[in-house]
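Have a look at the structure below before the remarks.
The values are calculated or read from the model by the stated rules, or taken from the named source; none is laboratory data. Everything numeric here is computed off the predicted structure, so don't read it as measured data. Glycine gets a Cβ as well: all are built from the backbone with ideal geometry, and neighbour counts include every protein chain shown. Side chains included, ligands, DNA and RNA excluded: accessible areas come from the protein's heavy atoms. Shrake-Rupley method; radii C 1.70, N 1.55, O 1.52, S 1.80 Å.
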Amino acid sequence: MGMPSGTELLLIFGIIVLLFGAKKIPDLAKGLGKGIKNFKDEMKDVNNEVASEEPKKVEGETTEVASASETEAPKNTTTQA
């Protein structure tokens, strides 16, 4: 299915005019354009915030490597009879 031809586009436009009225269509188009513009502006703002945001540090966080005894898994002390 490709792009609609001229007759199909005319038919679609006619149905839209019947549903919304000729006076309402420019208002709908203007509102849609404003919505798209606002969305793009907000996306740029979010991208700028994310790019400029530095990683947050947690209080008391240390960068030292833990000793081997802290990283070892607990040993199982049960015996089988």
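Just one of the numbered conditions (1) open to solvent by 90 Å² or more (accessible area, probe 1.4 Å); (2) not in a helix (DSSP H, G or I) is not true of Asn48; which one?
The number of the failed condition is (2).
Given the options Lys40, Lys56, Lys24, name the one that is among the charged types (D, E, K, R), out of contact with any Lys or Arg (no Cβ under 7 Å at 6 or more places or on another chain), open to solvent by 80 Å² or more (accessible area, probe 1.4 Å) and at pLDDT below 85.
Just a single option satisfies the conditions, and that option is Lys56.
Given the conditions (1) modelled with pLDDT of 80 or more; (2) open to solvent by 100 Å² or more (accessible area, probe 1.4 Å); (3) in a helix (DSSP H, G or I), and given that Met3 satisfies all but one, which numbered condition is not satisfied?
Going through (1) modelled with pLDDT of 80 or more; (2) open to solvent by 100 Å² or more (accessible area, probe 1.4 Å); (3) in a helix (DSSP H, G or I) one by one, Met3 breaks only (3).
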